[in-house]
Amino acid sequence: MILDDFRLIAMLDWLKNDLLLTVNRCEPASSDASFRRYFRISLPDEQLIVMDAPPEKENLPAFIKADEMLARSGVRVPAIHHKNLEDGFLLLEDFGSESFLDKLTADNAADLYGGAFDELLKLQTNTSIQNIDLPRYDEALLRRELGIFEEWFIRQSMDIDLPESIWNGVCDLLVKSALEQPLVCVHRDFHSRNLMVLENNAPGVIDFQDAVIGPVTYDLVSLLRDCYIAWPQDRINGWVADYWQKLHSNGLIGCELTVFNRWFDLMGLQRHLKAIGIFSRLNLRDGKTGYLKDIPRTLNYVLAQTEAYPELAEFHRFLVDNVLTHTREPI
């Protein structure tokens, strides 16, 4: 425990003196790309998680709102036991320390992803977008996210220029594809690091505070074209077809599988371009170098989709000629 960590001191004071808890042990549980931190505390009869979210940097009410919304939809999210909005602390149910990413193998992927598909379907079918007050994944947000790639990866990390004639065409194509999809509640980071392994391989869902109303394929592509683990394309194709059938059966979509696959591919390209930009920004602005190792895998997704679609041929050639050769070195 770091004695000069004043937020940690304030957190323990809240737990012990305000909530009157007997804290036998407190240790870091995890941290993420934001300013949030998580601590696991051991009480005499249970373990809980404390979220430390500085109010001036993190939107704690958004987390609480999304948690309550998803719980009403039957999604397995952590129960909130106590709130301290003034100081930015939450006392949460502990889902343990084993994420899907920690446990996934070729042999158990079908079972784990089966549970994830069930949870995602609850999120999409039980959360009525007419009755929730969430931001829209609109054109402005889509273009702003794409801009993170151009600014932080192309210009800042690579120190090269991406011709506007190429980039504008890419953005227009991806935005158009996203906006023509049916709208659902979107978790926005529904991937292997944010799904915790609970009993019977059921997932506990975390990191949902940025939920929006947006395209139906967004969370599916987050899961199956994960920035942190990759699967053979034929296996992804089978999972996408199965989930398309689930959406069809539940009346969320009416399109053919070929249309859904195109939406899935182009939504994945938008997400992966954004992710590469964010990984670069975390490195350059925040000094978090650990995300650099995830860029090559994510860039491979980008190259696969830009090669597959003729409309993206110019962009693909630009990436091959100007980016691919450089990413063998540290970014």
- Out of Ile236, Ile213, Ile276, which single residue is modelled with pLDDT of 95 or more and buried (at least 20 other Cβ atoms within 10 Å of the Cβ)? Ile276
- Taking Asn250, is it surrounded by fewer than 19 Cβ atoms within 10 Å (Cβ to Cβ), touching a residue at least 40 places away in the same chain (Cβ under 8 Å) and not aromatic (Phe, Trp, Tyr)? yes
- Would you mind finding the one in Thr298, Thr289 that is surrounded by 14 or more Cβ atoms within 10 Å (Cβ to Cβ), in the same structural domain as Arg155 (by TED's automatic domain parsing) and among the hydroxyl-bearing types (Ser, Thr, Tyr)? Thr298
- With (1) outside any strand (DSSP E or B); (2) surrounded by fewer than 13 Cβ atoms within 10 Å (Cβ to Cβ) as the list, and Leu8 as the residue in question, which single condition is left unmet? (2)
- Message: If I filter the stretch 82-101 for residues that are polar (S, T, N, Q) and touching a strand residue (DSSP E or B) at 6+ places or on another chain (Cβ under 6 Å), do I get at least one hit?
- Response: yes
- Tell me which residues, restricted to the stretch 287-315, are free of Cβ contacts under 8 Å to residues at least 24 places away in the same chain and either hydroxyl-bearing (Ser, Thr, Tyr) or more than 22 Å from Trp231 (Cβ to Cβ) (or both). Gly287, Thr289, Gly290, Pro310, Ala313
- Within the stretch 38-88, residues within 18 Å of the chain's Cα centre (by Cα), of a type in the set (Phe, Trp, Tyr) and outside any helix (DSSP H, G or I) come out as Tyr38
- Message: Can you go through Leu303, Leu312 and tell me which one is under 22 Å from Arg144 (Cβ atoms) and modelled with pLDDT of 95 or more?
- Response: Leu312
- Item | Unmet requirement for Phe35, which otherwise passes all of (1) surrounded by 15 or more Cβ atoms within 10 Å (Cβ to Cβ); (2) part of a loop (DSSP other than H, G, I, E, B); (3) of a type in the set (Phe, Trp, Tyr) | (1)
- Task: Only one of these is assigned by TED's automatic domain parsing to the domain that holds Asp242 and either surrounded by fewer than 21 Cβ atoms within 10 Å (Cβ to Cβ) or in contact (Cβ under 8 Å) with a residue 60 or more places away in the chain (or both): Ser128, Ser73. Name it.
- Result: Ser128
- Message: Can you report the number of residues in the stretch 12-69 which are closer than 13 Å to His82 by Cα and touching a helix residue (DSSP H, G or I) at 6+ places or on another chain (Cβ under 8 Å)?
- Response: 4
- Requiring at least 3 residues that are under 27 Å from Asn126 (Cβ atoms), the helices (runs of 4 or more DSSP H) wholly within the stretch 205-321 are 218-224, 233-249, 257-284
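Taking the stretch 99-157 on its own, how many of its residues are of a type in the set (A, V, I, L, M, F, W, C) and more than 23 Å from Arg285 (Cα to Cα)?
16
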- Looking for whichever is on the phi < 0 side of the Ramachandran plot, part of a helix (DSSP H, G or I) and either among the β-branched types (Val, Ile, Thr) or exposed (fewer than 15 other Cβ atoms within 10 Å of the Cβ) (or both) here; the options are Ala106, Ala140, Ala116. Which one fits? Ala140
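The values are calculated or read from the model by the stated rules, or taken from the named source; none is laboratory data. Everything numeric here is computed off the predicted structure, so don't read it as measured data. Quick reminder, even Gly has a Cβ in these numbers, built from the backbone with ideal geometry, and neighbours come from all protein chains shown.
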